[in-house]
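J.: Quick one: this structure, given as structure tokens, is what I'll be asking you about.
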Amino acid sequence: MSPIISPDTGRPQRLPPGQSLTRKWPVLDAHGAPAIDPGKWRLSVEGLVHQPVELTWNEFEALPRVQVFADFHCVTRWSRLDNLWEGVAVSTLLGLAGGARPEAAFVLAHGYDYGWTTNLPLDQAVAEDALVAISHDGEPLTAEHGGPARLIVPRLYAWKSAKWLSRIELIAEDRAGFWERNGYHMLGDPWREQRFGWG
Ligand SMILES: Nc1nc2c(c(=O)[nH]1)N[C@H]1C(S)=C(S)[C@@H](COP(=O)(O)O)O[C@H]1N2
Ligand SMILES: [Mo]
């Protein structure tokens, strides 16, 4: 098994400002879990990449895995510490797509739930601890938590971690996703309490 990547848990302080610890793992999403037929599941990496790809579940599952140990901070003020995620690094997926074109600067992550999206800077999406996770604490990711596969970006608030991931789209200009259009922050760094707005 691959070594465990854990850059964000070495901090002396693990709880960002304004957050409270929870031991449970709440379920939070806008529309509930969509029905996903495993035979029809696809993950595409597209937009400003050199070679757009679309992976089937079997192709995705065969890719090299990473393990990431990280905390999960929801903007509604709960934080769940010590999560072990396993999946495929976003950087590995980008590599399969021939890498980012020079003008690519942001990512729009799309969910299978009715056009739900979230936006984040490309450098955050390819951080060493950003992955498309298929398991949590040694168990397959449940549908309510975004299974079969979800994005996990530990350094940003949890709404950037798109559940039921369907597309990773590289774009040149930042474009607000679902919650961002509803007032949430374009970046969403929990350590700077970037909950709402653009600043
Ligand atoms: N596709 C999709 N991903 C999503 C959401 C959503 O509504 N749809 N909600 C986000 C929000 S607001 C949070 S806090 C986390 C919650 O993840 P969890 O339900 O596994 O705790 O998922 C994020 N990812
Ligand atoms: Mo959230």
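The values are calculated or read from the model by the stated rules, or taken from the named source; none is laboratory data. Predicted, not measured: the structure shown is a model, and the values here were computed from it. Cβ sites come from the backbone with ideal geometry, for glycine too, and all protein chains shown count toward neighbours.
J.: Pairs please, first residue from the range 18-33 and more than 10 Å from ligand 1 (Cβ to nearest atom), second anywhere and part of a loop (DSSP other than H, G, I, E, B) and of a type in the set (A, V, I, L, M), Cβ atoms under 9 Å, 6+ apart in sequence or on different chains.
T.: Partner pairs satisfying both residue conditions: Leu21/Leu15.
J.: Right, something else. Looking at (1) assigned to a strand (DSSP E or B); (2) at pLDDT below 95; (3) not polar (S, T, N, Q), which is the one condition that is false for Gly199?
T.: (1)
J.: A follow-up question, please. Return only the number of the condition from (1) at pLDDT 95 or above; (2) assigned to a loop (DSSP other than H, G, I, E, B) that Arg11 does not satisfy.
T.: So the condition that Arg11 fails would be (1).
J.: Right, next: Please enumerate the residues belonging to the range 160-197 that are in contact with a Ser or Thr (Cβ under 6 Å, 6 or more places away or on another chain) and within 14 Å of ligand 2 (Cβ to nearest atom).
T.: Lys160, Ala162, Gly177, Phe178 - these are the residues of the range 160-197 that are in contact with a Ser or Thr (Cβ under 6 Å, 6 or more places away or on another chain) and within 14 Å of ligand 2 (Cβ to nearest atom).
J.: Further, regarding this structure: Which pairs do you get when a residue that is crowded, with 17+ Cβ neighbours inside 10 Å, found in the range 175-191, comes within reach of a residue that is of a type in the set (A, V, I, L, M) and at pLDDT 95 or above, reach meaning Cβ atoms under 6 angstrom, with the pair 6+ apart or on two chains?
T.: Qualifying pairs under 6 Å: Glu180/Met186; Gly188/Leu156.
J.: Quick check on my filter: what residues within the range 26-75 are aromatic (Phe, Trp, Tyr), away from ligand 2 (no atom under 16 Å from the Cβ) and within 15 Å of the chain's Cα centre (by Cα)?
T.: Phe69
J.: So, in the range 131-159, of the ones that are touching a Pro at 6+ places or on another chain (Cβ under 8 Å) and within 14 Å of ligand 2 (Cβ to nearest atom), which residue ends up farthest from Val53 (Cα to Cα)?
T.: For the range 131-159, the residue satisfying everything is Tyr157.
J.: For the range 76-111, which residues satisfy the criterion of being part of a strand (DSSP E or B), within 16 Å of ligand 2 (Cβ to nearest atom) and of a type outside the set (A, V, I, L, M, F, W, C)?
T.: Within the range 76-111, Ser79, Arg80, Asn83, Gly111 meet the criteria.
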